[in-house]
Amino acid sequence: MTHKQTITCAECGAHNRPDRLLCVKCGAYLGSRADERNARDAMQRGGAISPFARRQRPRRVLGVLLLLLFLVVAGTAALLVYRQYQELRAAESDVTLPATTTTSSARTSTTAGSTTTKATSADQARVFPSNAKASSSLPPTDQFTYGPSNLSDNDLSTAWNEGASGDGVGEWLSFSFNQPVRLSRIDIANGYQRDQKRYLGNGRVRGLRIEYSNGDMQEIQLYDDMGYQEVQPAVPSDVGISSVRMTILSVYPGESWEDAALSEIRFIGER
């Protein structure tokens, strides 16, 4: 008994009758490639799906879009976290602990808040003292001076350094104004801020007593930080003063020298 000639499917290897156009197993077209294309085109024009059409590879467009979406969301979240962190740091650095108004018969202790960016109103500006005195100052050198005038030159690379023996406790500064001033704040730059070596090498002021010409007084504690620290005066904002005296009560010891230093003192208010 002879077997009739069969057509082997090029796709799956199944044997088919010679009169079949489509594979009985996988549905692939059993004719030539040209016939396959012609048949596919004809069936698609008729609205049918070719039974021998090859399966398309899975598209990766959706995966790529999802990856891009994830990267955008992650980047946005990271940016928001960074901004919140910066805002938190800015808020912490702008804290000012107000000083309570006191008379000469009573004292109050406060801690100065650190700030370098607080703006003043249109009627308020820096008020320069007409005279500044110190209980002592280091002698000048060929390059540098250390007198109290350095506290009003708007230059953090210069400083007043007390010149008494010891750590500077008890040394004082006195500032006078040619007409009464209504103070809104005092900015103090602690230590010798020319550079890190001099800042740490010299003593820095820790405790400071501030006395005003109207009899009010306050005691504050400065941070051991470079930059400006804001002090809210213990004087009512509507009271004019003609002088301010500051006395060192305690210090942060220097690593190389005993003398305590201040780089700048800014009086903010209006006349």
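Between a first residue in the range 18-29 that is among the hydroxyl-bearing types (Ser, Thr, Tyr) and a second residue that is modelled with pLDDT of 80 or more, which pairs have beta carbons less than 7 Å apart while being 6 or more apart in sequence or on different chains?
Matching pairs, first to second residue: Tyr29/Leu22.
Taking the range 133-154, which residues are surrounded by 12 or more Cβ atoms within 10 Å (Cβ to Cβ), charged (D, E, K, R) and more than 35 Å from the chain's Cα centre (by Cα)?
Residues of the range 133-154 surrounded by 12 or more Cβ atoms within 10 Å (Cβ to Cβ): 133-138, 144-153.
With the extra rule that they be charged (D, E, K, R), the set shrinks to 133, 153.
If the condition is that a residue be surrounded by 12 or more Cβ atoms within 10 Å (Cβ to Cβ), charged (D, E, K, R) and more than 35 Å from the chain's Cα centre (by Cα), then Lys133 is the only one that fits.
Out of all the residues in the range 228-265, which are closer than 21 Å to Phe144 by Cβ and either of a type in the set (Lys, Arg) or not in a strand (DSSP E or B) (or both)?
Gly254, Glu255, Ser256, Trp257, Glu258, Asp259
Condition check ((1) surrounded by fewer than 18 Cβ atoms within 10 Å (Cβ to Cβ); (2) more than 32 Å from the chain's Cα centre (by Cα); (3) basic (Lys, Arg)) across all residues:
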{"residue": "Asp167", "(1), (2), (3)": "no, yes, no"}
{"residue": "Asn178", "(1), (2), (3)": "yes, yes, no"}
{"residue": "Asp187", "(1), (2), (3)": "no, no, no"}
{"residue": "Tyr192", "(1), (2), (3)": "no, no, no"}
{"residue": "Val205", "(1), (2), (3)": "no, no, no"}
{"residue": "Glu230", "(1), (2), (3)": "no, no, no"}
{"residue": "Ile241", "(1), (2), (3)": "no, yes, no"}
{"residue": "Ala261", "(1), (2), (3)": "no, no, no"}
{"residue": "Arg271", "(1), (2), (3)": "yes, yes, yes"}
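Do the conditions hold for Asp238, that is, is it of a type in the set (Asp, Glu) and at pLDDT below 95?
When the stated conditions are applied, Asp238 passes them.
Let's see how each residue does on (1) in a strand (DSSP E or B); (2) within 23 Å of Pro253 (Cβ to Cβ); (3) modelled with pLDDT under 95:
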| position | (1), (2), (3) |
| --- | --- |
| Lys118 | no, no, yes |
| Pro129 | no, no, no |
| Pro139 | no, yes, no |
| Asn150 | no, yes, no |
| Leu156 | no, yes, no |
| Ser174 | yes, no, no |
| Pro180 | yes, no, no |
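What do you reckon, is Leu208 in contact with a Phe, Trp or Tyr (Cβ under 7 Å, 6 or more places away or on another chain) and under 22 Å from Leu249 (Cβ atoms)?
no
The values are calculated or read from the model by the stated rules, or taken from the named source; none is laboratory data. No experiment lies behind these values; they were computed from the predicted model shown. Positions of Cβ are backbone-derived with ideal geometry, glycine not excepted, and every protein chain shown enters the neighbour counts.
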